[in-house]
1. For residues in the stretch 80-119 being in a loop (DSSP other than H, G, I, E, B) and modelled with pLDDT of 95 or more, which is farthest from VAL69 (Cα to Cα)?
2. Select from the stretch 19-40 the residues that are part of a loop (DSSP other than H, G, I, E, B) and either of a type in the set (A, V, I, L, M) or in contact (Cβ under 8 Å) with a residue 12 or more places away in the chain (or both) and list them in ascending order.
3. Would you check if VAL110 is without any contact (Cβ under 8 Å) to a residue 40 or more places away in the chain, within 17 Å of PRO63 (Cβ to Cβ) and β-branched (Val, Ile, Thr)?
4. Could you list, in sequence order, the residues of the stretch 69-79 that are in a loop (DSSP other than H, G, I, E, B) and exposed (fewer than 10 other Cβ atoms within 10 Å of the Cβ)?
5. For the stretch 50-68, enumerate the residues that are of a type outside the set (A, V, I, L, M), at pLDDT below 80 and open to solvent by less than 60 Å² (accessible area, probe 1.4 Å).
6. Collect the residues in the stretch 2-18 that are part of a loop (DSSP other than H, G, I, E, B) and either among the acidic types (Asp, Glu) or on the phi < 0 side of the Ramachandran plot (or both), keeping them in residue-number order.
Amino acid sequence: LTQVVAVPTRGDNILDLVFTNVPRYVTEVKVTPTTLSDHNLVQVQLGFNMINPASQGITPTDPHSFRAVNYHNANFDSLSSELSEVDWIALWALCEEDLDSFLELLRLTVLQLTLKHSP
């Protein structure tokens, strides 16, 4: 991940961070004072249309990925409840204590439950 805020956001410090895995999509970062907070306002402009990315030749998002999740409509209470019921120790044992295998299984488990609770 790349952090794209390069100027102070509170006093002389960069406290408000924005991370991306595709930094070339970020075309502009603005940091401006605001009366709403003691932190400055951070605005990030992307170089493509998020509403209709197909119109600009951007590859469509895989519908079975975290990027496809509509977090605004997610039921976080049920997601949290179901995640708390997962037997993570059993999954670790299932992976024969191989960290890479477990991390992939963890990612897939969280993704599956996230998609289930985010219509």
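1. Applying the first criterion (in a loop (DSSP other than H, G, I, E, B)) to the stretch 80-119 yields 85-87, 95-98, 117-119.
Filter once more, keeping what is modelled with pLDDT of 95 or more: 85-87.
Details: GLU85: 21, VAL86: 21, ASP87: 24 Å.
Step by step, filter the stretch 80-119, then rank; the result is ASP87.
2. Hits for the stretch 19-40 are ASN21, VAL22, LEU36, ASP38, HIS39, ASN40.
3. Yes; evaluated as a whole, the condition is true for this residue.
4. We begin by selecting, within the stretch 69-79, every residue in a loop (DSSP other than H, G, I, E, B); these are 69-70, 74-75.
Within the stretch 69-79, just ASN70 meets the criteria.
5. PRO53 - this is the single residue of the stretch 50-68 that is of a type outside the set (A, V, I, L, M), at pLDDT below 80 and open to solvent by less than 60 Å² (accessible area, probe 1.4 Å).
6. Selection gives VAL4, VAL5, ALA6, VAL7, PRO8, THR9, ASP12, ILE14, LEU15, ASP16, LEU17, VAL18.
This table checks each residue for (1) open to solvent by 50 Å² or more (accessible area, probe 1.4 Å); (2) at pLDDT below 85; (3) closer than 22 Å to ARG67 by Cα.
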{"residue": "GLY11", "(1), (2), (3)": "yes, no, no"}
{"residue": "LYS30", "(1), (2), (3)": "yes, no, no"}
{"residue": "GLN45", "(1), (2), (3)": "yes, no, yes"}
{"residue": "PHE48", "(1), (2), (3)": "no, yes, yes"}
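The values are calculated or read from the model by the stated rules, or taken from the named source; none is laboratory data. Computed from a predicted structure; not experimentally measured. Positions of Cβ are backbone-derived with ideal geometry, glycine not excepted, and every protein chain shown enters the neighbour counts. For accessibility, only protein heavy atoms count, side chains too; no ligands or nucleic acids. Shrake-Rupley method; radii C 1.70, N 1.55, O 1.52, S 1.80 Å.
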